[in-house]
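Presented below is the structure to which this report refers.
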Amino acid sequence: LFAGAYYRYKTEVDTVQEWYITNTETTVSHPLHIHVNSFQIISYNQYTGPYSAGKDGAWRLYDQATGDTCNYQFSGYDPDAEIEEPSDPLKYLGHEHRQDLTQEGTIAYVEPGEWRDTFTVPPMSNVTIRFVTDTYVGLVVAHCHILNHEDWGMMLAVDIVRQGESLDANLASDGAYPWSCMENPEPLGVTGLAMSSDIET
Ligand SMILES: *[C@@H]1O[C@H](CO)[C@@H](O)[C@H](O)[C@H]1NC(C)=O
């Protein structure tokens, strides 16, 4: 459940942010809404992370390549919970090819370059977004725009701080970093890219 000012990530004001938004679910899309700064959809990438199965708070992550249960799991993971395994978990992989808007069945994709405050994160996807932490410092809330999902905690808090302030935040969930499965690699970049006129889209 949402625990108030528990920052998953902190960054400085007036930096360019590049985030990878991923969805481990095998059949369900989620509309992600981010407050304060609009963002640009940059690309739909190949998704290499784990897939998930479960319901009502009992979820399990599986290795995409082998189907084995991941060593690293969400906070609150219960290894004894009964989970129904999905029959065709990789069915919706491949958004880097499906995003072609001239094809049928691509209604929820966004044209790369478009500015948004909300977009659909398809099942088994990995989408790059980019924005500037422009002018305002303080709390940024990011959440699923399906009301009961956000009420149940599909929401996180990011803090935009002044230049030079501490960037300490809770990047890991119960010791596991995002996308961890068999291994638990530390995220590569956790600070904003310097503002640069080289960064254009
Ligand atoms: C997401 O896409 C980026 C850019 O292609 C890639 O570096 C990263 O490994 C991908 N992550 C996952 C979990 O698929």
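The values are calculated or read from the model by the stated rules, or taken from the named source; none is laboratory data. If you're wondering where the values come from, they're calculated on a predicted model, not measured in any experiment. Every residue, glycine as well, gets a Cβ built from its backbone with ideal geometry; the counts of neighbours run over all protein chains shown. Keep in mind that these areas ignore ligands, DNA and RNA; they rest on the heavy atoms of the full protein, side chains included. Shrake-Rupley method; radii C 1.70, N 1.55, O 1.52, S 1.80 Å.
How much of the pair distance distribution for region 45-125 lies past 20 Å, counting alpha-carbon pairs only, in percent? Could the numbers behind the result be given before it?
Details: 1453 of 3240 pairs.
Value for region 45-125 (Cα pairs over 20 Å): 45 percent.
Which loop chymotrypsin sites (Phe, Trp or Tyr not before Pro) in region 1-71, with loop taken from DSSP, have no more than 12 other Cβ atoms within 10 angstrom of their Cβ?
On the way: sites: Phe2, Tyr6, Tyr7, Tyr9, Trp19, Tyr20, Phe39, Tyr44, Tyr47, Tyr51, Trp59, Tyr62; in loops: Phe2, Tyr6, Tyr47.
Within region 1-71, the qualifying chymotrypsin sites (Phe, Trp or Tyr not before Pro) (loop, at most 12 other Cβ atoms within 10 Å) are Tyr6.
DSSP loop (so not H, G, I, E, B), at most 15 other Cβ within 10 Å: list which trypsin sites (Lys or Arg not before Pro) in region 96-182 pass both filters. Walk me through the numbers on the way to the answer.
Working: sites: Arg98, Arg116, Arg130, Arg162; in loops: Arg162.
Counting only loop positions with at most 15 other Cβ atoms within 10 Å, the trypsin sites (Lys or Arg not before Pro) in region 96-182 are Arg162.
Just want to confirm a number: the relative contact order over region 7-192, from Cα pairs under 8 angstrom separated by 6+ residues, in percent.
On the way: 393 pairs, mean separation 78.5, N = 186.
Relative contact order comes out at 42 percent.
So for the chain, what percent of the C-alpha to C-alpha distances run longer than 26 Å? All intermediate terms of the calculation are to be shown ahead of the outcome.
On the way: 7112 of 20100 pairs.
Of the Cα pairs, 35 percent sit more than 26 Å apart.
Within region 68-98, find all residues whose amide N lies under 17 Å from a label point positioned 7 Å from the Cα of Met182 along Cα-to-beta-carbon.
Once the point is set 7 Å along Cα→Cβ of Met182, 68-73 turn out to lie under 17 Å by backbone N, inside region 68-98.
Quick one: net charge of Ser52's neighbours, Cβ under 10 Å, K/R +1, D/E -1?
Numbers: positive: Arg60; negative: Glu25.
My count for the surroundings of Ser52 gives 0.
Please return the longest range in the chain lying between exposed loop sites, taking GluC sites (Glu not before Pro), DSSP loop only, at most 14 other beta-carbon atoms within 10 Å, and leaving the sites out.
Numbers: sites that count: Glu82, Glu84, Glu104, Glu114, Glu165, Glu183, Glu200.
So the longest stretch without any such site is 1-81.
Using a 1.4 Å probe, what is the accessible area per residue for the chain, in Å²? Write out the running numbers ahead of the final one.
Values: 11740 Å² over 201 residues.
Per residue, the chain has an accessible area of 58 Å².
Summarise the accessible area of the chain (1.4 Å probe, protein heavy atoms) by the percent that is carbon and sulfur. Provide the component values of the computation, followed by the final result.
Values: 5780 of 11740 Å².
The computed percentage sits at 49.
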